[in-house]
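Values quoted throughout were computed directly from the atomic coordinates according to the rules given, and no laboratory measurement underlies them. These numbers come from a predicted model, not from an experiment. In this analysis, Cβ positions are derived from the backbone assuming ideal geometry, glycine residues included, and neighbour counts consider all displayed protein chains.
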């Protein structure tokens, strides 16, 4: 069997085995969340600092179910609609747990939950100057993605479709352009609904995917967690293998010479 190439997933100089990042929200309870994450094989989990209990010891703590010594916590700013809110949230996360690798999202409206890119860009620049490693939720605009890279983002995380919609990747062309222009980790964040969506993202050359709703709200979240794990692996291997070129005409799979 041929030896597969070394294929590390690296964010902020740290290596991770899994290219699937999983959220910790929307599950029935923390026990269900922990089991789904274990099945998914994820090394990184996102934590909404404003929604998930990570500091009040009088209530169930996420740390009691997901060991931060074994899985990397990625504090995020879910629910923030201004730069000031996002900055305050991540500074609090650093005070609570010493986290410097963070996920930034600054939303522009409550109905569509699209990112406010002006506030996002401003926040990214401030946070990187303060020593944070910022993974940035953004739209799929290649120009804005490049600006985020230029101000020091650690990873670009464009949406596939509106958060929680399950629509899958709506603009493959822009994702390809972003892939071709950046050396940063490119991670699809938001809008994936099923395993094939994750495979497509990986076949486009993305370095990873972040999935929450598609797993947490599936009829069987544990089975979906396993499906997503396998889909990400299959998509990555497909991308690395180098697909055949497309053709408008048939090409026989057997040689024409030597026909009986």
Given Cα pairs under 8 Å that are at least 6 residues apart, what percent is the relative contact order of segment 13-241? 18
Where a ≥ b ≥ c are the square roots of the eigenvalues of the C-alpha gyration tensor, would you call segment 2-154 rounded, which needs a/c under 1.5, or, failing that, prolate if a/b is larger than b/c, or oblate? oblate
Which percentage, to the nearest 5, of the DSSP beta bridges contained in the chain is antiparallel? 15
Of the residues 214, 250, 195, which exhibits the maximal mean-square fluctuation in a Gaussian network model of the chain defined by a 10 Å Cα contact cut-off? 250
Kirkwood calc, segment 108-238, C-alpha pairs only, radius in angstrom 14.9
Theoretical ellipticity at 222 nm over the chain - DSSP helices of four or more residues, -39500 (n - 2.57) apiece, nearest 500: -11000 deg cm²/dmol
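Using Cβ contacts closer than 10 Å as the measure, can you line up 159, 192, 240 from fewest to most?
Starting with the residue having the fewest Cβ neighbours, the order is 240, 159, 192.
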Rounded, prolate or oblate (a/c below 1.5 giving rounded, otherwise prolate when a/b exceeds b/c) for segment 85-148 by Cα gyration tensor: oblate
Between the modelled labels at residue 251 and residue 238 (7 Å from Cα along Cα→Cβ) the distance in nm is 1.8
Euclidean distance of C-alpha centroids, segment 157-176 and segment 116-136, integer Å: 21
Note to self: Kirkwood Rh of segment 215-255, Cα pairs, one decimal, Å, is 13.1
Along Cα→Cβ, 7 Å out, is where each label goes; now give me the distance between the ones at residue 183 and residue 94 in nm to one decimal. 2.6
May I ask you to compute the full-extension gain from residue 63 to residue 17, defined as 0.36 nm times their residue separation minus their alpha-carbon distance, rounded to one decimal in nm? 14.4 nm
Compute the distance in nm between two label points, each set 7 Å from the Cα along the Cα-to-Cβ direction, one at residue 84 and one at residue 109. 2.3
Exposure proxy check: 144, 228 ranked by fewest other beta carbons within 10 Å? 144, 228
Can you work out D for the chain in µm² s⁻¹ from Stokes-Einstein, where Rh is the Kirkwood radius over C-alpha pairs, the temperature is 20 °C and the viscosity is 1.002 mPa s? 112
Taking the Cβ of each residue in 149, 95 as the centre, tally the other Cβ atoms inside 10 Å and list the residues starting with the fewest. 95, 149
Highest-fluctuation residue, 193, 97, 166 considered, GNM on the chain with Cα pairs under 10 Å: 97
Given a 10 angstrom Cα cut-off, can you work out which residue in 207, 141, 84 is the most mobile in a GNM of the chain? 84
